Amino acid sequence: KMTQQMRDLQLAQARKPPGPSSPNAAKRLYRNLSGKFRVNYTSFDEGSLVGRGEKEKLRKSYLFQSNAALFEAVELQDLDRVQEMLKHYSPEELDLNTPNSEGLLPLDIAIMTNNAPIARALLQAGAKESPHFVSLESRSLHLSTLVREAEQRVNELMAQVVNEAPNADCSEKEKQLKAWEWRFRLYKRMKAGFEHARVPDAPSSVHLSVASSTSLQVTFWEPLSVNSAVVTKYKVEWSCSPTFSPLLGEAVIDKLKDLHFTIQGLVSGTAYHVRVSAYNMKGWGPPQASTPPFAIPSNWREYDGRAPRRRGQAEALDHLLGQVKTVHQHCICHEPCKNQPQSRKHSVSKSLKHLFHPGSKFLKTLKRGLYLTAIFYKDDNILVTHEDQIPVVEIDDTYSCLLMQDFLWLTKVSCMWDEILWLRQCVTVSQSSCSCILQTRFKMLLAISQMQGLLGIQDLGQVFFEPIKDKQGNILIVTLKEVKTNQTFESVRWVPICKLQSGRKSVSSPEEPTALDTLLISLQDKLAYHQRSSHALSPGLYLGYLKLCSAVDQIRVLVPEQLPNILCHVKIRSNPNISREEWEWLQKMASVEEPVPTEPETDRSQNPLFQELQVAIKELMTLVNIPLQEAKDFRLYSQEVLDFGDQVSFLLLLPPSDDVCTAPGQNNPYTPRSGFLTLPLQIFELGEER
């Protein structure tokens, strides 16, 4: 009966003939395919194909060979070949979950031969068990049928080989006999693997944590036992009762790349019990209760009902900008009737010269003044002018000392490149006051407009955190932008960065390089900084270290070079949420002015956050080169958890009050190891917002 069912299944699915059945045939197929795994179909000579139909036919034939090779690799327990095919083909291309002519899937063969490495590789690629095995009895009957039919076929071929005289047909029959003998042994091994298997043990560990005010996160690990069959799925169950009666919900996890699950839609403030059980071909094993035994969905903000700090901030800023624009509606777009007088005689002649050379506004050299340069890069290429120069425009040729406040103002302007015309209008009207600051900032806006017009693009990117200065009195403000599309620009072209650096002839001495030479020398470092500034942290809860140092005109903050838009930090855990219970514990610790936890205490060993903080603080102190005993004087910032979106949150570790900010001339006794830099606080705030 089972055999007839499988034949009906074969006819219904119009299954293709099976691939080679013997080890030798499989090896020949591997050799034939070994050079083809990396072949792109478009590499074939399309002129030799009659039409699209033949191309598709060739592709299907190629994929069928790969599908047959996958079955053979699993049967021969060739882990390397299985991993290679899973790497180069998608599950759809391999027909990973389509049964072969025996009604088996690759995963069925792997788990019934108890080949755990291959089974895990297939499971991570999305492999499933055959849906035809609806019960233990059906699987056992099917395996018995395969063994019986293979044995019958072996006996038939053996009788033919014995009775027939040696000839070509006899030689072919001997090959078939060897193939069926090998398959007979395979089926017997699969049948024995199934019969000796037992249900899996419980997961070795189940960890329960609070993910939000309406969700819990469950993380679990495989059973420790290696004697049972491979686990192919898990079941998560939850209930308000420790007896799990009634059961509130369950979820089956068959994608085993990451063994965790988030239970959504729970009621805040309600205790939930969770357990997890494992499944293999023999059925479900016993459940494992979670640690802790229950959890209550909550969030630290419920402690005092505090709203998120950033809620409505973007809308409020947009509204404020709209109000400012409304006030300045009387502004008329015009250039000042009379430019400010220039102190150097050559400025007039230079302006007249530009009238006769309207096609080139970029500068080739710097002659003592304030300048703006825009770095656009894509992969290993950079935008340059037709003279192979980095685009540079002049801001002010009488300005030899850039005030930090003017520079920081420009960095804020970089957040609204599209509003430069409007800003120029407003500053123009206000220029009647003859303020030196307004004059400088108006010239900055003019230079930005000139750069935007020459390049044909509004967004000039991010301002580098410090200008480049040289001993000739030049100051160069640098903007950086990565171009990820095939974008065209005016008056410029792409060249390799290495070609630009090697081809430029320096006009300065190595002891006193010009600002442009310094820019070219340090170009790779600046591009690396820009790329790292856009990196995001993986989801989780982090411990950050706040350390400031002050100067006459600015405050700077210590950051890691690898992530300059984030404070020095270490990861505490993958779950970013701080529950109400955890926040209450932090508040209690802060209220009694206890030192930060650096040594284990037996009475707190059951508090997971306490243990996680111990590990994180030790790691962070080592990172910033501070002796661990000094951490006893440090404290955790207990006013709030810093949330950066929904997936990243920070707890802050603060030095003693007198050491949070190092004053000018004050020595820092603990110098961080290499890999750190200090950014102006305003630059850091803008980078964090980006």
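So in the range 362-418, with the set limited to residues that are within 19 Å of Asp470 (Cα to Cα) and of a type in the set (Phe, Trp, Tyr), which one is most open to solvent (accessible area, probe 1.4 Å)?
Filtering first and then ranking leaves Tyr399.
Does Gly126 meet the test of being of a type outside the set (Asp, Glu), open to solvent by less than 20 Å² (accessible area, probe 1.4 Å) and at pLDDT below 90?
So Gly126 does not fit the description; no.
Among strands (runs of 3 or more DSSP E) lying entirely in the range 177-245, which contain 3 or more residues that are over 30 Å from Leu266 (Cβ atoms), open to solvent by 30 Å² or more (accessible area, probe 1.4 Å) and in the same structural domain as Gly285 (by the TED database)?
none
Do we find a residue being closer than 27 Å to Ala125 by Cα, outside any strand (DSSP E or B) and open to solvent by 60 Å² or more (accessible area, probe 1.4 Å) anywhere in the range 262-279?
Yes, the conditions are met somewhere in the range 262-279.
Go through the range 466-489 residue by residue and tally those that are in a loop (DSSP other than H, G, I, E, B) and either open to solvent by less than 20 Å² (accessible area, probe 1.4 Å) or not assigned by the TED database to the domain that holds Gln425 (or both).
Total satisfying the criteria: 3.
Residues checked against (1) open to solvent by 20 Å² or more (accessible area, probe 1.4 Å); (2) more than 33 Å from the chain's Cα centre (by Cα):
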site: Ser491; (1), (2): yes, yes
site: Leu500; (1), (2): no, no
site: Asp525; (1), (2): yes, no
site: Ile555; (1), (2): yes, no
site: Pro576; (1), (2): yes, no
site: Glu582; (1), (2): yes, no
site: Gln587; (1), (2): yes, yes
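Looking at Gly461, is it modelled with pLDDT of 90 or more and either on the phi > 0 side of the Ramachandran plot or within 30 Å of the chain's Cα centre (by Cα) (or both)?
Judged against the criteria, Gly461 is a match.
Within the range 210-229, count every residue that is modelled with pLDDT of 90 or more and within 19 Å of Pro200 (Cβ to Cβ).
6
Please work out which residue is nearest to Asp517 (Cα to Cα), limiting yourself to the range 453-465 and to residues that are open to solvent by 10 Å² or more (accessible area, probe 1.4 Å) and touching a helix residue (DSSP H, G or I) at 6+ places or on another chain (Cβ under 7 Å).
Restricting to residues being open to solvent by 10 Å² or more (accessible area, probe 1.4 Å) and touching a helix residue (DSSP H, G or I) at 6+ places or on another chain (Cβ under 7 Å), the top hit is Phe464.
Out of the residues in the range 64-91 meeting the condition of being in contact with a Leu (Cβ under 9 Å, 6 or more places away or on another chain), closer than 18 Å to Gln124 by Cβ and not aliphatic (A, V, I, L, M), tell me which one is modelled with the highest pLDDT.
Residue satisfying both the conditions and the ranking: Arg81.
The values are calculated or read from the model by the stated rules, or taken from the named source; none is laboratory data. Please read all numbers here as calculations on a predicted model, not as lab measurements. Cβ sites come from the backbone with ideal geometry, for glycine too, and all protein chains shown count toward neighbours. Ligands, DNA and RNA are stripped out before the accessible areas are found, and what is left, the full protein with its side chains, is counted by its heavy atoms. Shrake-Rupley method; radii C 1.70, N 1.55, O 1.52, S 1.80 Å.
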